[in-house]
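Report on the following structure.
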Amino acid sequence: MPFISLEGIDGAGKTTHLQWIADYLRAQGANVVVTREPGGTPLGESLRTLLLNESMHIDTEALLMFAARREHIAQVIAPALAQGSWVLSDRFTDASFAYQSGGRGIAEARLQVLEEWVQQGLQPDLTILFDVDVATAHQRVRTHSDPDRFEQEQLGFFERVRAMYLRRAAQYPARIQVVRTDQTIDAIRDELAAVLKPLSGN
Ligand SMILES: Nc1ncnc2c1ncn2[C@@H]1O[C@H](COP(=O)(O)OP(=O)(O)O)[C@@H](O)[C@H]1O
Ligand SMILES: [Mg+2]
């Protein structure tokens with residue numbers, strides 16, 4: 001069954017649309033497992049807490065992201081797909097390329113090695129990239145009372161993250177669908193329904 005990932009910079013609208021997408025797919029009869037990265041397993045959630053709060057070397061950050069992903073695939077994603085469920089994940093590997101390579105500056109070739117090791121060919125069937133300009137996204141998350149280690153980054157960091165996301169969307173046009181989120185929630189839902197329709201076969 002399809003594996004769908006949601007991507008985009010902090011404040012783009014991933015979490016806002018996650019439950020709606022799950023409900024939309026369930027209304028078509030799908031079993032949907034909703035999950036997130038970093039996280040998705042007890043160990044992965046512990047790693048998430050470290051990743052979002054502890055300062056660390058950029059290589060450590062990248063390695064922990066892929067360590068959490070290895071566990072996530074083994075414990076959640078692969079079993080769910082094998083038993084015929086859909087998987088909907090709030091972030092996956094495009095985020096590692098966008099944040100750890102685009103944002104932090106790690107060579108993409110290094111992440112590609114980890115990607116092959118950890119995923120063994122597994123890729124999302126569809127990735128929805130929620131895209132909005134950095135200033136708008138920043139305005140939206142500015143109200144967060146307790147910003148995490150990534151949310152505290154400067155605008156230039158998010159410009160690089162966004163640019164890498166858009167570069168990957170251009171590189172993988174069959175997989176990555178860009179949905180602009182500088183529009184109303186209802187207008188975005190209409191676009192999401194159009195993007196999901198071919199997958200749900202209705
Ligand atoms: N289309 C939109 N218009 C206005 N505000 C939005 C829109 N989409 C999301 N938001 C708001 O922006 C904030 C960040 O959205 P969220 O879904 O948490 O982003 P992400 O999960 O991508 O970081 C939330 O407060 C949400 O209510
Ligand atoms: Mg979110």
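The values are calculated or read from the model by the stated rules, or taken from the named source; none is laboratory data. All figures in this text were calculated on a predicted structure; none of them were measured in a lab. Please note: Cβ atoms are built from the backbone with ideal geometry, for glycine as well, and neighbour counts cover all protein chains shown.
Collect the residues in segment 40-91 that are small (Gly, Ala, Ser), within 20 Å of residue 152 (Cβ to Cβ) and either over 16 Å from the mean Cα position of the chain (by Cα) or surrounded by fewer than 16 Cβ atoms within 10 Å (Cβ to Cβ) (or both), keeping them in residue-number order. Correct list: 55 only. Report, by residue number, each residue of segment 113-140 that is exposed (fewer than 15 other Cβ atoms within 10 Å of the Cβ) and modelled with pLDDT under 95. Answer for segment 113-140, where residues must be exposed (fewer than 15 other Cβ atoms within 10 Å of the Cβ) and modelled with pLDDT under 95: just 139.
Scan segment 153-187 residue by residue and report those that are crowded, with 19+ Cβ neighbours inside 10 Å, touching a residue at least 60 places away in the same chain (Cβ under 8 Å) and either among the hydrophobic types (A, V, I, L, M, F, W, C) or closer than 18 Å to residue 19 by Cα (or both). Of everything in segment 153-187, those that are crowded, with 19+ Cβ neighbours inside 10 Å, touching a residue at least 60 places away in the same chain (Cβ under 8 Å) and either among the hydrophobic types (A, V, I, L, M, F, W, C) or closer than 18 Å to residue 19 by Cα (or both) turn out to be 158, 161, 164, 176, 181. Given (1) within 12 Å of ligand 1 (Cβ to nearest atom); (2) touching a strand residue (DSSP E or B) at 6+ places or on another chain (Cβ under 6 Å), where does residue 178 come up short, assuming only one miss? That leaves (1) as the condition not met. For segment 44-91, filtered to residues that are within 16 Å of ligand 1 (Cβ to nearest atom) and touching a residue at least 40 places away in the same chain (Cβ under 8 Å), the residue that is nearest to residue 1 (Cα to Cα) is 88. Taken over segment 1-29, the criterion of being out of contact with any strand residue (DSSP E or B) (no Cβ under 7 Å at 6 or more places or on another chain), assigned to a loop (DSSP other than H, G, I, E, B) and within 14 Å of ligand 1 (Cβ to nearest atom) is satisfied by 9, 10, 11.
Note on segment 30-131: enclosed strands (runs of 3 or more DSSP E) holding 2 or more residues that are β-branched (Val, Ile, Thr) and in contact with a Phe, Trp or Tyr (Cβ under 8 Å, 6 or more places away or on another chain) are 32-36.
Test residue 147 against the stated conditions and say whether it is buried (at least 16 other Cβ atoms within 10 Å of the Cβ), of a type outside the set (Lys, Arg) and either in a loop (DSSP other than H, G, I, E, B) or modelled with pLDDT under 95 (or both). Criteria not met by residue 147. Residue 196 meets all of the listed conditions (1) surrounded by fewer than 15 Cβ atoms within 10 Å (Cβ to Cβ); (2) over 23 Å from residue 100 (Cβ atoms) but one, namely (1).
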